[in-house]
Amino acid sequence: MTDLPRLHFSRAEYAARLDKAKQAIRKSRYDAVLLFKSEDMYWLTGLDTDGYYVFHTMLVTADGGVTYLGRQADYNNVLYSSIIGDHRTFDELAGSSRGAAIKTLLSDRGLAGKRVGIQYNTMGHRADLYVEIVSSLTDFCTFDDASAMIDRWRLVKSEAEIEKMRQSANIVHLMTDAAIRETRAGVFEGKIFSALAQAIYENDGDPCALRYPIGCGPASKLGRYTSGRNYVADTDQFMFEIGCGYRHYHTAVYFHVLTGDVPKQRLSDLLKKVEEAREAGMAQMRPGNTVGAIHTAISDTYRKYGLDAYLRKSYGYQMGICYPPTWVAAPMVISGSEEVIEENMTIFIHPSLTDTESGLRVSSGETARVLKNGVEKLTSAPAELILN
């Protein structure tokens with residue numbers, strides 16, 4: 001096992017990321033930060049584990065020191081995937097307090113009476129853990145919310161990260177081809193799901209952090225995954241909001257495949273309006289613009305055609321490193337968002353429209369990278385109506 005750890009980026013890149021974290025900690029006048037978000041741990045050190053669903057944390061100090069505290073089950077993942085040198089095992093016995101273990105770690109690092117930032121807004125920090133931490137750290141040190149400290153750095157991708165996004169997009173293109181090829185009247189949805197999974201695994205991709213909200217018939221209008229597969233009807237629509245990770249970096253695409261006797265011309269006309277709205281939104285993806293400007297541009301396009309009834313609260317979100325249960329990351333493309341767009345952000349935009357007479361929907365969602373002047377489209381939705 002002399003080839004360990006298996007890192008997906010150079011040690012120089014990890015060193016640069018840790019330096020950014022160190023600067024952010026100092027700028028915020030913290031002495032240290034406790035991380036609970038797996039995406040941040042992965043970005044900083046390469047640590048690849050889904051152990052957040054039970055318990056783990058990473059302490060990063062203002063001098064750049066890193067210590068991982070987790071369960072014994074995660075020990076080999078630390079050695080296999082990360083640059084972490086100081087890793088401690090939580091004594092997982094009946095009645096053991098995670099809060100007390102964190103207090104011991106902070107004490108060992110000389111942080112009694114110091115100011116510590118803590119990530120609260122993450123899947124890895126449940127309410128019961130919060131209660132334990134408050135109980136253990138009150139009167140030991142000063143602590144407050146530092147949830148977004150590392151997030152902001154991750155929004156702007158390095159060239160090496162963009163290449164991972166491109167690799168993800170290449171697989172998504174293969175998934176798109178498989179979706180179009182396999183969707184036919186009478187086909188079991190499970191066969192289509194299998195084709196998507198095959199495209200991912202045969203091309204060294206990661207399973208999607210989000211369980212796909214896709215399906216045909218009534219399921220084509222759902223925004224969340226549900227259990228139980230259907231058969232594609234003679235006249236039907238299959239909604240595909242699909243994507244995958246490559247070294248956990250995600251891209252996605254959004255489109256519909258139709259079957260049978262559908263109002264092709266009306267739907268084609270609607271699709272052109274959706275594509276126009278998408279392009280209007282992407283035209284606002286410029287450094288210095290706000291994320292809210294993307295939402296405004298899409299909404300204004302719909303209003304131009306009298307489609308006010310189809311205005312939505314959100315038209316997309318940031319994409320990058322994602323762990324289950326979701327690939328959705330802030331900032332969301334919502335009205336009024338003042339989040340400032342920066343070069344090398346990567347955003348998924350996904351407008352859609354529904355034909356009022358048939359109830360059928362068309363959509364066109366793509367992931368793009370922000371450039372100095374324009375965007376680099378990472379994924380591409382089908383440009384024409386797909387009718388099988």
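None of the figures in this text is laboratory data; all of them are computed from the coordinates on show. No experiment lies behind these values; they were computed from the predicted model shown. All Cβ positions, glycine included, derive from the backbone under ideal geometry; neighbour counts span all protein chains shown.
Computed over the Cα atoms of the chain, what is the ratio Rg over Rh, Rh following Kirkwood?
1.02
How do SER168, SER81, SER96 line up, fewest other C-beta atoms within 10 Å first?
By the 10 Å Cβ count, ascending, the order reads SER96, SER81, SER168.
Normalised by the empirical 2.2 N^0.38 Å for globular proteins, what value does the Cα Rg of region 237-388 take?
Scaled against compact globular proteins, the figure is 1.03.
Once the Cα atoms of helix 291-304 and of the chain are each reduced to a long axis, what angle between those two axes, in degrees from 0 to 90 to the nearest 10, is obtained?
Between helix and principal axis, roughly 10 degrees.
When the convex hull of the C-alpha atoms of region 11-153 is computed, what volume per residue in Å³ does it have?
So the per-residue Cα hull volume is 96 Å³.
Can you give me the relative contact order of the chain as a percent, contacts being Cα pairs under 8 Å and 6 or more apart? Intermediate values should be presented prior to the final figure.
Numbers: 801 pairs, mean separation 52.1, N = 388.
Computed over the chain, the figure is 13 percent.
Sort GLU338, GLU132 so the one with the fewest other Cβ atoms within 10 Å of its own Cβ comes first.
Lowest count first: GLU338, GLU132.
Using only Cα atoms and rounding to the nearest 10 degrees, what angle (0 to 90) does helix 98-108 make with the longest principal axis of the chain?
50 degrees
Which of GLU39, GLU202 comes first, and how do the rest follow, when ranked by fewest Cβ neighbours within 10 Å?
Starting with the residue having the fewest Cβ neighbours, the order is GLU202, GLU39.
Quick check for me: using +1 on Lys/Arg Cβ and -1 on Asp/Glu Cβ, what's the dipole size of the chain about its Cα centre, in debye to the nearest 20?
Taking the Cα centre of the chain as origin, the dipole is about 480 debye.
Please compute the alpha carbon radius of gyration of region 286-369, then divide it by the globular-protein estimate 2.2 N^0.38 Å. Two decimals is fine.
Output field value: 1.17.
Which order, highest average first, do 354-362, 8-16, 319-327, 203-211 follow once you tally other Cβ atoms within 10 Å for each residue and take the mean per peptide? Write down the numbers at each step before the final one.
Values: 354-362: 15.8, 8-16: 13.8, 319-327: 20.2, 203-211: 17.3.
Peptide ranking by packing, descending: 319-327, 203-211, 354-362, 8-16.
Can you give the FRET efficiency for TYR80 and ALA16, using 1/(1 + (r/R0)^6), R0 = 30 Å, r = Cβ-Cβ distance, to the nearest 0.05?
That pair, TYR80 with ALA16, gives E of 0.85.
Where does helix 159-182 land angle-wise versus the long Cα axis of the chain, in degrees 0 to 90, nearest 10?
Once rounded, one gets 40 degrees.
Roughly what would the spin-label model give for ASP50 and ASP234, points 7 Å off Cα along C-beta, in nm?
The answer from the label model is 4.1 nm.
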